[in-house]
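A.B. asks: Could you have a look at this structure, given as structure tokens, before my questions?
Read the figures in this text as sums done on the coordinates, not as results from a lab. Because the structure is predicted, anything quoted here is derived from the model rather than measured. FYI the Cβ positions are ideal-geometry reconstructions off the backbone, even for glycines, and counts take in every protein chain you see.
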Amino acid sequence: MVLSRVRPSFEERERLSSIARKVLSRIEDLAWSGGVECETILVGSAARGTWLSGDHDLDVFIGVPEGSSLVPALEIARLVAPKFEERYAEHAYVHALFEGFELDLVPCYLVEDASRIISAVDRTPFHNRYVSRRIMGLEDEVLLLKQFMKGIGVYGSELKVGGFSGYLAELLVIRYGSFLGVLEKAALWRPGEVIDLEDHTSLSHEDPLVVVDPVDPGRNVAAALTLDRMFQFVAASRLFLKEPDLEFFFPSPISPLSDQELQEHIAKRKSTLILLEFAAPDQVEDVVFPQLRKAEQSVRALLDRNGFSVLRSDADWHRFVLAEMGEGEMGGSGKSGSYGAIRMLFELEVASLPRVERRVGPPVWEAEHAKMFISSHPDTFSGPYVEDGRLVVEVARKFVEAKELLCARMESLSLGRHLGPELRRGYKIYGGLEILKIGDPEFRVFMARYFSARERIS
């Protein structure tokens, strides 16, 4: 049942093969006419027969000899398809559209040994050869594992997800022989689990899961996997082995919340929601999301430090075109965001605090510290007085509303190299039912996920 939905049809495979041949031929023609010495390599799941039905992505590497420049290969990549954009990871590559397929055209160096790589992408052809020689006959097992990981939300090594890469899924199937074999072993994992297919064990790692790269023992293939994603997979594996269910592979889609549904969730929880919104920068996800998570934690810490207890928070990048935010209510000069909106959500146990704030100082017998404490609080409602041997004062709290605090302090927070400047150009803060003003479906799905946070644990 699952395989019939995830295994590419004969027509799909033929179409992919045809497009791959066209792309490789196009690159070879461009290289020949330009006098560029290079080798074209189809890599990734398309090359190994482990791609899921409906995935129309091709990864093509343009390899040049060591000691030469990557620039000619990049120039060739720019000419493969009329619709493309240049992206940058460790070095520049091209993302293009070619007859309905998405292409990543990546210049790399043709090194003789994975231990001598010049950039991280040079390792990929070695991965391709290693898996291709061992995956024959196990392709369906990989498809099952990938779809299971997709269904439970742990597939993808990009920093937004922090999950399992396709290469990691393939190595797990090679190591344990089948989809069920992987789940049976994963059900027993503990933090610090080590999997070493080639018995290298040359270096120690401190990640939650360590899968020693069989072609480069100094690298952990699972380095991008977070502790939470690892144990989502562990818990789902245990439950699936106990109670198999198609829902693991194909969960019901999450619908955007209507205004009424959003109001009902807010009313039921009786907490206070604060949403910070500003334009997204022109950067790739793996640049933005580490900054976004740190920014979320910075804002959360600011709220907590000032007495606004945060129950939970979340953040995301929504890719619609953000309307002009305009001068006014909450800060900044206003700016339209052609790259979408950054949104950070904070659910507060309290959004308003009493004006009076209690501050506990040093023990009375620490004379110098006591003197400094008293002098730093010249205006008090009450105090100083002694309680349990310590000085106590009751003073006026500077910020009694969470939104007031954020407006005053947001721009002084360290939010990252790319997010900070965007926020200072303009931002908006929504409180409570003001969130209803945001109607785009991507945001409403984000809120639905937030309110229905529930994973398959037991």
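A.B. asks: Taking the Cα atoms only, what angle lies between the long axis of helix 259-269 and the longest principal axis of the chain, rounded to 10 degrees?
C.D. replies: Once rounded, the angle reads 60 degrees.
A.B. asks: Note the angle between two axes, namely the Cα long axis of helix 285-305 and the longest principal axis of the Cα atoms of the chain, as a number of degrees from 0 to 90, rounded to the nearest 10.
C.D. replies: Helix 285-305 sits roughly 20 degrees off the main axis of the chain.
A.B. asks: Something else: Residue by residue through segment 243-255, which ³J(HN,Hα) values in whole Hz follow from phi under the Karplus form 6.51 cos²θ - 1.76 cosθ + 1.60 (θ = phi - 60°), with glycine and proline marked x?
C.D. replies: So the J values, rounded to whole Hz, are 9, x, 7, 4, 4, 4, 7, 10, x, 4, x, 8, 8.
A.B. asks: Add -39500 (n - 2.57) for each DSSP H run of 4 or more in the chain, then divide by its residues: what number comes out at 222 nm, to the nearest 500 deg cm²/dmol? The partial results should precede the final answer.
C.D. replies: On the way: 15 runs with 170 residues, N = 458.
Rounded to the nearest 500, it is -11500 deg cm²/dmol.
A.B. asks: Report the local net charge at residue 127: Lys and Arg +1, Asp and Glu -1, summed over other residues whose C-beta lies under 14 Å from its C-beta.
C.D. replies: Details: positive: 48, 123, 129, 133, 134, 219; negative: 59, 113, 122, 170, 198, 213, 216.
Surrounding charge for residue 127 is -1.
A.B. asks: Looking at this model, which pairs from 403/437; 22/150; 83/146 are more than 27 angstrom apart at the alpha-carbon?
C.D. replies: 22/150; 83/146
A.B. asks: Mind grabbing the base-10 log of I(q)/I(0) for segment 1-121 at q = 0.10, 0.16, 0.20 Å⁻¹? Debye formula, identical points on the C-alpha positions, no solvent, two decimal places.
C.D. replies: For segment 1-121, the Cα-only Debye profile gives -0.32, -0.77, -1.10.
A.B. asks: In addition: With a 10 Å Cβ neighbour count serving as the proxy for reagent exposure, in which order, fewest first, do 352, 53, 375 appear? If you can, show how the numbers build up before the last one.
C.D. replies: On the way: 352 12, 53 15, 375 8.
Lowest to highest Cβ neighbour count: 375, 352, 53.
A.B. asks: Here's a follow-up. Can you run phi through the Karplus equation (6.51, -1.76, 1.60; θ = phi - 60°) for segment 274-280 and list ³J(HN,Hα) in whole Hz, with x for Gly and Pro?
C.D. replies: In residue order, the calculated couplings are 10, 10, 9, 9, 7, 5, 7 Hz.
A.B. asks: Take the eigenvalues of the Cα gyration tensor for segment 135-252, scale each by 5, and report the square roots as semi-axes in whole Å, largest first.
C.D. replies: Working from the Cα gyration tensor, I get semi-axes of 22, 16, 13 Å.
A.B. asks: Still on this structure: What is the percent of Cα-Cα separations in segment 337-458 that go past 25 Å?
C.D. replies: When every Cα pair of segment 337-458 is considered, 52 percent fall beyond 25 Å.
A.B. asks: Considering Cα pairs under 8 angstrom that are at least six residues apart, work out the relative contact order of the chain and quote it in whole percent.
C.D. replies: Answer for the chain is 12 percent.
A.B. asks: Treating only the Cβ atoms of Lys and Arg (+1) and Asp and Glu (-1) as charged, compute the dipole magnitude of segment 22-77 about its Cα centre; round to the nearest 20 debye.
C.D. replies: Dipole about the Cα centre, nearest 20: 160 debye.
A.B. asks: While we're looking at this one, here's another question. Would you calculate the separation in nanometres between label points at residue 200 and residue 85, each defined as 7 Å from the Cα along the Cα-to-beta-carbon direction?
C.D. replies: It works out to 3.4 nm between the two label points.
A.B. asks: Cα-Cα pairs above 37 Å in the chain: how many percent? Present the calculation step by step, with values, prior to reporting the outcome.
C.D. replies: Values: 43668 of 104653 pairs.
The calculated P(r) of the chain puts 42 percent of pairs beyond 37 Å.
A.B. asks: Quick one: putting +1 on the C-beta of Lys and Arg, -1 on the C-beta of Asp and Glu, what dipole do you get for the chain around its Cα centre, in Debye to the nearest 20?
C.D. replies: 1040
A.B. asks: Also: With just the Cα atoms defining each centre, how far is segment 222-293 from segment 301-318? Give it in Å.
C.D. replies: The two parts, judged by their Cα centres, are 16 Å apart.
A.B. asks: If you don't mind, there's one more thing I want to ask. How far is helix 441-451 tilted, in degrees, relative to the longest principal axis of the Cα atoms in the chain, given as a value from 0 to 90 rounded to the nearest 10?
C.D. replies: Its long axis makes an angle of about 70 degrees.
A.B. asks: When the chain is fully extended, how far beyond the present Cα-Cα distance does residue 379 get from residue 133, taking 0.36 nm per residue of separation?
C.D. replies: 80.9 nm
A.B. asks: Also: Sorted from fewest to most neighbouring beta carbons within 10 Å, what does the list 25, 132 look like?
C.D. replies: Taking fewest neighbouring Cβ atoms as first place, the list is 25, 132.
A.B. asks: Please work out the Cα center distance from segment 396-458 to segment 152-174, rounded to the nearest Å.
C.D. replies: With segment 396-458 and segment 152-174 each reduced to a Cα centre, they are spaced 29 Å.
A.B. asks: Through the Karplus equation 6.51 cos²θ - 1.76 cosθ + 1.60, θ set to phi - 60°, convert the phi angles of segment 171-176 into ³J(HN,Hα) values in whole Hz; use x for Gly and Pro.
C.D. replies: Result, rounded to whole Hz: 5, 5, 5, 4, 5, 10.
A.B. asks: Any chance you could check the Cα centroid distance between segment 50-93 and segment 1-25 for me, in angstrom?
C.D. replies: Cα centroid to Cα centroid, the span is 20 Å.
A.B. asks: OK, next. At a 10 Å Cβ-Cβ cut-off, how would you order 51, 189, fewest neighbours first?
C.D. replies: Least to most surrounded, the residues fall as 189, 51.
A.B. asks: Give me the net charge of residue 349's neighbourhood, meaning all other residues with Cβ under 12 Å from the Cβ of residue 349; Lys, Arg count +1, Asp, Glu -1.
C.D. replies: Neighbourhood net charge equals +1.
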